[in-house]
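Reviewing the structure listed below.
Each reported figure results from applying straightforward, stated rules to the coordinates on display, with no laboratory input. Not measured: the values here are computed from a predicted model. Note: ideal-geometry Cβ built from the backbone for every residue, glycine included; neighbour counts use all protein chains shown.
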Amino acid sequence: MIDPKKSFPILETIVNENKLIYFDNAATTQKHHSVIDEITKFYNKENSNIHRGVHYLSQLSTKKFEESRVAVKNFINAKHNHEIIFTRGTTDSINLLASCYSKILKSGDEIIISEMEHHSNIVPWQMCCENTGAKLKIVPITELGELDLNEFKNLVSSKTKLVSITHISNSLGTINPIKKIINLSHENGAKVLIDGAQAAAHVNVDVQDLNVDYYCFSAHKLYGPTGVGVLYGKEDLLNHLPPYQGGGEMIQEVTFEKTTYACLPHKFEAGTPNIGGVIAFKKAIDFLAETKVETMKKHEDHLLNYATESLNNINGIRIIGTSKKKSAIISFTVENIHHYDLGLILDKMGVAIRTGHHCTQPVMKKFNIAGTSRVSFAYYNTTEEIDYFILALKKAIKMLS
Amino acid sequence: MKSIQNIEEEIVEEFSMFDSWIDKYDYLIDLGKSLDILKDEFKIKENIIAGCQSQVWLHAENKNDTIEYHADSDAIMTKGIIALLIRVLSNQRPNDIIDAKLDFIKTIGLEEQLSQTRANGLKSMIKQMKIYALAYKHN
Ligand SMILES: Cc1ncc(COP(=O)(O)O)c(C=O)c1O
């Protein structure tokens, strides 16, 4: 195997005289060199607005933009290219859908989310409920940090119009049984959105096999650029949703009496998108497809088990999120030590971890903590890095005790 | 009474003895640990200076012509810097507090601790200390 580190130039960075150890991959992954090269190439040789021009550059950028759509379609095994809507990211995708649902839900309808959602999958639905009078229902989580499925069964009913649940929790690492949730929801006539921000780069996603109605994720957590995201939706459902933002690109005909809307996917892609970002995103998907997500997952599972074991051997450490089905994300607290202090000292030793509530305040409340320290791994991380991190952590704990 | 300037110089001198970040951080941790305990009656919501990750409580009292500060934080590194700020600004006259530039923080290499991105409330704490001074001055 060639060293995957070599493909990510930023991993050569020296921080405070130490080689960078980047364990904040759940926040964003580093970028594959082919992604960086493609962005440079785009602005040097291909930049032009898409779908509008007849000239050479516009043809070229439009073609490449649409090739990215095909790559995403194949990556998640969607049925049609036009089921892939490009957005700015997961947050944007969820807001798009919540805004559309604001126009079709009524008082008495219900939306179900869970206690482990990222704020991005909470606030848009609170706003949607405020606008429509619909009710927000919350699936609680257990001590292990898993969804309480029995409680979910009690909550879901014919009143439920939409269930929006994360595939993988960004603070607990739990991989949720989304297929079960999708089936239970469909039995009750509810549609399902899965927030795949933490999943798309780490587990295989097949939207047809899942039979999921909507699925979203961010390119920047898949070794791709920031400012690009995806909303997948079943053709029939997207066709029946009202449009989101108005503007250029999303219309068929505009008159002052009445405007008719363009067909999918343009109906939901008003304005000039992040063209260079979308085009470069294809390189990240190519990298994932070539390396194979299963191969990456195997390596990441090994890192997860290795780090979990090492952490459990340190006195005073409590891992938050202990489901048997976890992605390579570990949140922990250290007795009598504040996560902020830990983060500062580890940073001095070159280890980048995330500290705080990770935009999941309800999870912190559930476990009665102010925040956690979180390490999250990607394909390019190694057990040697974990060894160094554990040494650094022990040193930090010693300093702070 | 030592002037703010004098105390800042003292601190700069103390820190000049450290040649590694570890020594510096160890010292800050010690300062944090030895900071006078803030009485529970002052650890109230109204005294909280919100930082996203570590919280700071600040209480101020008027003593003769000067202001006495008491503060605390849930993070020890933040407490260490609080201890320095209190050493410099507590028991000083309002005008001097308002004018204090607090350059020592940069000189001893801790200015990153005051950046907003550190999300520890320290920057807002300094602002609040000065606001108290301003308020007492006009009382
Ligand atoms: C589970 C989950 N949902 C949503 C988001 C928001 O993603 P973005 O900031 O890329 O829109 C994140 C990012 O941290 C996440 O982890």
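Worth pointing out:
- Sites listed here are trypsin sites (Lys or Arg not before Pro) in region B:15-83 whose DSSP assignment is loop and whose Cβ has at most 16 other Cβ atoms within 10 Å: B:K39, B:K43.
- Between A:E66 and A:T295, the simple label model (points 7 Å from Cα in the Cβ direction) yields a spacing of 3.1 nm.
- Estimated FRET transfer efficiency when R0 is 35 angstrom, pair A:E257-A:N131 (beta carbons, to 0.05): 0.80
- 13 Å cut-off, amide nitrogen to a point 7 angstrom out along B:N64 Cα→Cβ, residues in region B:1-41: B:1-2
- Ranked list, fewest to most other Cβ atoms within 10 Å of each Cβ, for B:T78, A:T132, A:T383, A:T360: A:T383, A:T132, A:T360, B:T78
- Cut-off 16 Å (backbone N to label point 7 Å along Cα→Cβ of A:Q245), residues of region A:73-95: A:85-95
- Cβ-to-Cβ counts within 10 Å put A:V35, A:V293 in ascending order as A:V293, A:V35, the fewest first.
- Extension gain from A:I390 to A:K19, taking 0.36 nm per residue of separation minus the Cα-Cα distance: 132.1 nm
- Alpha carbon centroid spacing (whole Å) that separates region A:41-112 from region B:28-71: 51 Å
- Fewest-first sequence of A:R318, B:R93 by Cβ atoms within 10 Å of each Cβ: A:R318, B:R93
- Taking each of A:K19/B:K123; A:K73/A:K297; A:K394/B:K106 in turn, the alpha-carbon distance tops 24 angstrom for A:K19/B:K123; A:K394/B:K106.
- Of the GluC sites (Glu not before Pro) in region A:72-157, the ones in a loop by DSSP (not H, G, I, E or B) with at most 13 other beta carbons within 10 Å are A:E143.
- Both radii are taken from the alpha-carbon atoms of region A:84-236; with Rh as the Kirkwood radius, Rg/Rh is 0.93.
- Straight-distance crosslink candidates among aspartates and glutamates, where the alpha carbon sits under 18 Å from A:K325 and sequence neighbours closer than 8 are dropped: A:E115, A:E117, A:E143, A:E146, A:D148, A:D195, A:E294, A:E300, A:D301, A:E309
- Under 21 Å from the Cα of A:K137 - lysines, other chains or at least 8 residues apart: A:K103, A:K106, A:K153, A:K159, A:K161, A:K179, A:K180, A:K191, A:K365, A:K366
- Whether region A:35-290 is rounded, prolate or oblate, judged on the alpha carbon gyration tensor where a/c under 1.5 counts as rounded: oblate
- Sparse packing (at most 10 other Cβ atoms within 10 Å of the Cβ) combined with a DSSP loop state is found for the following chymotrypsin sites (Phe, Trp or Tyr not before Pro) in region A:194-288: A:F256.
- Using a simple spin-label model with pseudo-atoms 7 Å out from Cα toward Cβ, A:S158 and A:K179 lie 3.0 nm apart.
- Shielding score for B:76-86, defined as the mean number of other chain Cβ atoms within 10 Å: 2
- The relative contact order of region A:35-290 comes to 25 percent, based on Cα pairs under 8 Å that sit 6 or more residues apart.
- Per residue convex hull volume, Cα atoms of chain B, in Å³: 105 Å³
- Approximating the spin labels as points 7 Å out from Cα along Cα→Cβ, the A:T226-to-A:N305 distance works out to 3.6 nm.
- Once the gyration tensor of the Cα atoms in the protein assembly as shown is diagonalised, the equivalent ellipsoid follows with semi-axes of 46, 27, 26 Å, ordered largest first.
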